[in-house]
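> Take a look at the following structure, please.
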Amino acid sequence: MGRWTLRRRLVVVVVALVAVVAAAMGTLSTLALQSSLTTQLDEKLTAAHRRAAEGPVVPQGGTARAPDAGSPFVTGGSFRPGLDAGTVNVEVPQGADPTDLTPVQAGYVADDGNLTALDDTQTAQMLAVPADGQPHPVSLTGLGSYRAVASVSPAGVTTATALPTTSVTSTVTSFVAVEVVVAALALLVAAAAGLVLVRRELRPLDRVVGTANRVSRLPLDRGEVVLADRVPARDTDPATEVGQVGAALNKLLGHVEQALGARHESESQVRQFVADASHELRTPLASIRGYAELVRRSPDEMPVSALQAMSRVESESERMTALLEDMLLLARLDAGRPLASEPVDLTVLAIDAVTDAHAAGPDHDWRLDLPSEESLEDALVLGDDHRLRQVLANLLSNARLHTAAGTAVTVRVRRAGDRVVLQVADDGPGIPPALRESLFQRFTRGDASRNSATGSTGLGLAIVHAVVTAHGGTITVSSGPGTTFTVTLPAAVA
Ligand SMILES: Nc1ncnc2c1ncn2[C@@H]1O[C@H](COP(=O)(O)OP(=O)(O)OP(=O)(O)O)[C@@H](O)[C@H]1O
Ligand SMILES: [Mg+2]
């Protein structure tokens, strides 16, 4: 039952309750009917017993234990009229030997009014009834069940009279049958009405669920979020339980909307701050670089150690400028600044990037794998030429800096349906497993990169990811031994 729906549970409980009530009422009323019918029968029995005990039921000397077919007791007038059909009567004469049934007169009034003799077993069963004048249940073999009264007259004659309980049994049986039919109908009605009612009452819950589902499908993880969807007002009546759920959900949605709004607001502020700070730092950095260069250009006036320091200042300020440019770019991409959208040929970009990489890292084995000549225009995408060049440059500089000399690096461009696929694959050592989860997050870099003098910051792949995503593309990485970055961009429609 734990996994049943509320609807089913409610209906089952209602039906079960109706069944229990019907069973209890049926049992009680049947018992009451039976006891009142038995009381009536007992009154009739006592009256019959009195009549039977008042005089001989059979004529003196009659052979009541084996009467003839044309019963002498009725025709002869000696049989006491007024004994109903079915009445059993047994009479033991005064002073008879209890073990000897011969003088005992025992018979019952058959349905046709004739007195029919009892056999010895039935007679013995009648005589076993306690002679206390009270009705007792007795079962007569071959005749069925009876209520019997026995008494001993002052003269010493024992009389036992019995009436069949068939009337009681049949009345009770038909009563029970009627009750069962009525109870079954009541159960059917309860089930049908319960189903309809529960369905109707719980329908607002479906609408609440619908609202919750629609909201859960909204992208809430970034950007400005508008949670316009609410549970309709008619399902938020606090007087009903379902209404309370609806109202609570609305309250929750309002709260979440407000919280997300506040978060978005503070995120934008931080982003703006980073962008502004990066931007503001560019000018002083340019001055530092300029002065350092100036000093380096006039070596005669400077001791050698100061010149060395100046050249360090120059190179560090260059690094810092690059870092600031990266941070500024990320802040702008985060803010959703629109990128240029011009046709860009990835083949051209790949050729240029590999040429540059070759110049920067002649010790690596740079390879190009481009589409065949005729299908060159297939590698056209709509986007920002400068940013896409940066994607390639970052991927190639990674392949150069994070692999050993002699490593083969292949840049592959292919058209796949309505997408253009760009792959940068190297057969180097692969990405360290610890980095794989957070590879595209900011400032993720391997320990080796941190210690090397390459000026690694860990922003390269974060920028690649942000630029590709801003172009509506995806980037994945597979790394066993060797590393393959796969960038997929929507192809420009010709
Ligand atoms: N082709 C590759 N082979 C092996 N490791 C790689 C490769 N590309 C990236 N990595 C690992 O992933 C890390 C993150 O790369 P990412 O380009 O984001 O940062 P970076 O190269 O360290 O610094 P930045 O590019 O900002 O100068 C690197 O530090 C390096 O450990
Ligand atoms: Mg890098």
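> On the accessible surface of the chain, probed at 1.4 Å, how many percent belong to carbon and sulfur atoms? Could the numbers behind the result be given before it?
On the way: 16490 of 28090 Å².
On the chain, the fraction of accessible area on carbon and sulfur atoms equals 59 percent.
> Roll a 1.4 Å probe over the protein heavy atoms and report the accessible area of MET302 in Å², nearest 10.
About 70 Å², rounded to the nearest 10.
> Work out the FRET efficiency for ARG3 and ALA192 from their Cβ-Cβ distance, taking R0 = 25 Å, and round it to the nearest 0.05.
On the way: r = 24 Å, r/R0 = 0.96.
Here the calculated transfer efficiency is 0.55.
> Given a 1.4 Å probe and the protein chains all in place, what does the accessible area of ILE351 round to, in Å² to the nearest 10?
Here the accessible area works out near 70 Å².
> Would you please give the FRET efficiency between THR173 and GLN94, computed as 1/(1 + (r/R0)^6) with r the Cβ-Cβ distance and R0 = 41 Å, to the nearest 0.05? Write down the numbers at each step before the final one.
Values: r = 42 Å, r/R0 = 1.02.
Using R0 = 41 Å, I get an efficiency of 0.45.
> So in the chain, what percent of DSSP beta bridges are antiparallel if you round to the nearest 5?
On the way: 51 of 56 bridges.
The antiparallel proportion sits near 90 percent.
> If R0 is 30 Å, what FRET efficiency do you get for ASP385 and GLN441 from their C-beta distance, rounded to 0.05?
On the way: r = 26 Å, r/R0 = 0.88.
Computed FRET efficiency for ASP385 and GLN441: 0.70.
> To continue, here is another question. By accessible area of protein heavy atoms, probe 1.4 Å, what ranking do GLU314, GLU437, GLU265 get, highest first?
Working: GLU314 20, GLU437 175, GLU265 105 Å².
From most accessible down to least: GLU437, GLU265, GLU314.
> Find how much the distance from GLN40 to ARG234 grows on full extension, using 0.36 nm per residue of separation minus their present alpha carbon separation; answer in nm with one decimal.
On the way: separation 194, 0.36 × 194 = 69.84 nm, distance 6.24 nm.
Contour length minus the Cα-Cα distance gives 63.6 nm.
> Let me ask something additional. Of the beta bridges DSSP finds with both residues in region 342-490, what % are antiparallel, to the nearest 5?
Values: 26 of 31 bridges.
DSSP beta bridges in region 342-490 are roughly 85 percent antiparallel.
> Under 13 Å from a point 7 Å along the Cα-to-Cβ line of ALA212: which residues of region 1-15 have their amide N that close?
So the set is 6.
> Something else now. Obtain the radius of gyration and the Kirkwood radius of region 336-494 from its C-alpha atoms and give Rg over Rh. Working shown, then result.
On the way: Rg = 15.1 Å, Rh = 15.9 Å.
Ratio of gyration radius to Kirkwood radius: 0.95.
> In what sequence, highest mean first, do 378-390, 213-225 appear when ranked by Cβ atoms within 10 angstrom?
378-390, 213-225
> Å³ per residue of the Cα convex hull, for the chain? Could the numbers behind the result be given before it?
Details: hull volume 172.8 nm³, N = 494.
For the chain, the hull spanned by Cα atoms encloses 350 Å³ per residue.
> Related question: Which far-off residues, 5 or more places away or on another chain, put their amide H under 5 Å from the one on ARG415, with H placed in the peptide plane?
Answer set, sorted by chain and number: VAL421.
> Please calculate the 1.4 Å probe accessible area of TRP4, with all protein chains present, and give it to the nearest 10 Å².
Probe radius 1.4 Å; accessible area of TRP4 about 90 Å².
> Continuing with this model, one more query. Label points 7 Å out from Cα along the Cβ direction at VAL304 and GLU224: separation in nm?
So the label points at VAL304 and GLU224 sit 6.2 nm apart.
> Rolling a 1.4 angstrom probe over the protein heavy atoms, how many square angstrom per residue are accessible across the chain?
On the way: 28090 Å² over 494 residues.
I get 57 Å² per residue for this part.
The values are calculated or read from the model by the stated rules, or taken from the named source; none is laboratory data. Worth saying up front: this structure is predicted, and the values here are computed from it rather than measured. In this analysis, Cβ positions are derived from the backbone assuming ideal geometry, glycine residues included, and neighbour counts consider all displayed protein chains. These area figures cover heavy atoms from the full protein model, side chains too; ligands, DNA and RNA do not enter into them. Shrake-Rupley method; radii C 1.70, N 1.55, O 1.52, S 1.80 Å.
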